[in-house]
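Structure record follows, encoded as structure tokens.
The values are calculated or read from the model by the stated rules, or taken from the named source; none is laboratory data. Predicted model, so just to flag it, every value in this text is computed and none were measured. We place every Cβ from the backbone using ideal geometry, glycine too, and count neighbours over all the protein chains shown. These accessible areas exclude ligands, DNA and RNA; they are computed on the full protein's heavy atoms, side chains included. Shrake-Rupley method; radii C 1.70, N 1.55, O 1.52, S 1.80 Å.
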Amino acid sequence: SMFVSLFTHADWEHVLTNMFLLWAVGKQLFVPTMKESSPTSLRRARQGTDGIRWAFSCWASPLAFLWIYLGSQVVSVAGCRMISHLLDREWERQVRLDRRNWSWTWVPDSWKDSWFTISNAQQAIELRAWQYTPMIGSSAAVFGVIGAHMYAALCSAEHPAQMDAKAQLMWLGKIAMELARTPFSLEQISLLMDSEDNIDHASHVCGFVGGLLLAGIWDAFARRSRSREEPFRYHEV
């Protein structure tokens, strides 16, 4: 399932790489923002329903981590299934095109489809192998945290997370490389299989995009929660 894969890895190197990236990026992302770290806000957060509101709006809350980490995994799985559906549509389109090329109209469509599949057996096997190979590892969720960190650094004025130009270019270059290896056509599937690449690049891209979107939703909800509480804020003298 989509969540079991978070705790299943190929080897210790796979585990340690993912956990190191999660720690390195997460310690910068899931921290109190400037408003949330003020003594007044922290004291009010411990009182009554303000604690619930603070938990849902604070980046340092465990709910923020679960929202980004698990949500990116869900978005990644959904995105990969969408790509798989697009590849199925392309295969069906090629099958229909092959039917029209037959001059023997008396041949049943099922026979034509079977002949097309046999004639393109390697491509059919490669497609199904890519679609049904189980995804293991938490890389998609980790890429989601990276995407959320980039959002917080570039779009969230209240978040203290910083990402310099070199880091931005590095991660954008990494995502561009992952995107180039994401199969959006049957020809790309064949090239990917020929390279014997066992990395699910599509899940990395979808997880990164999911982290960007989920961070934007969380930030918007946090700003809305703070704006509702703003009239009731007071300053200590």
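Observations on the model:
- Enumerated helices (runs of 4 or more DSSP H) restricted to the range 1-68, each holding at least 1 residues that are open to solvent by 90 Å² or more (accessible area, probe 1.4 Å) and modelled with pLDDT of 75 or more: 12-29
- Evaluated against (1) open to solvent by less than 40 Å² (accessible area, probe 1.4 Å); (2) of a type in the set (Ser, Thr, Tyr); (3) more than 23 Å from Asp11 (Cα to Cα), Ser138 falls short on exactly one condition, (3).
- Among (1) farther than 30 Å from His14 by Cα; (2) surrounded by 14 or more Cβ atoms within 10 Å (Cβ to Cβ); (3) acidic (Asp, Glu), the one test that Glu92 misses: (2)
- Cβ-Cβ distances below 6 Å connect the following pairs, each with a first residue in the range 158-185 that is among the hydroxyl-bearing types (Ser, Thr, Tyr), a second residue that is at pLDDT 85 or above and open to solvent by less than 70 Å² (accessible area, probe 1.4 Å), and a separation of six or more residues or different chains: Thr182/His201; Thr182/Ala202; Thr182/Val205.
For (1) of a type outside the set (S, T, N, Q); (2) farther than 16 Å from Gly71 by Cα; (3) outside any helix (DSSP H, G or I); (4) touching a residue at least 60 places away in the same chain (Cβ under 8 Å), each residue gets a yes or a no:
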{"position": "Glu126", "(1), (2), (3), (4)": "yes, yes, no, yes"}
{"position": "Trp130", "(1), (2), (3), (4)": "yes, yes, no, yes"}
{"position": "Gly144", "(1), (2), (3), (4)": "yes, no, no, yes"}
{"position": "Ala148", "(1), (2), (3), (4)": "yes, no, no, yes"}
{"position": "Leu154", "(1), (2), (3), (4)": "yes, yes, no, no"}
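- Within the range 69-94, the set of residues being within 16 Å of Arg128 (Cα to Cα) and of a type in the set (A, V, I, L, M) comprises Met82, Ile83, Leu86, Leu87.
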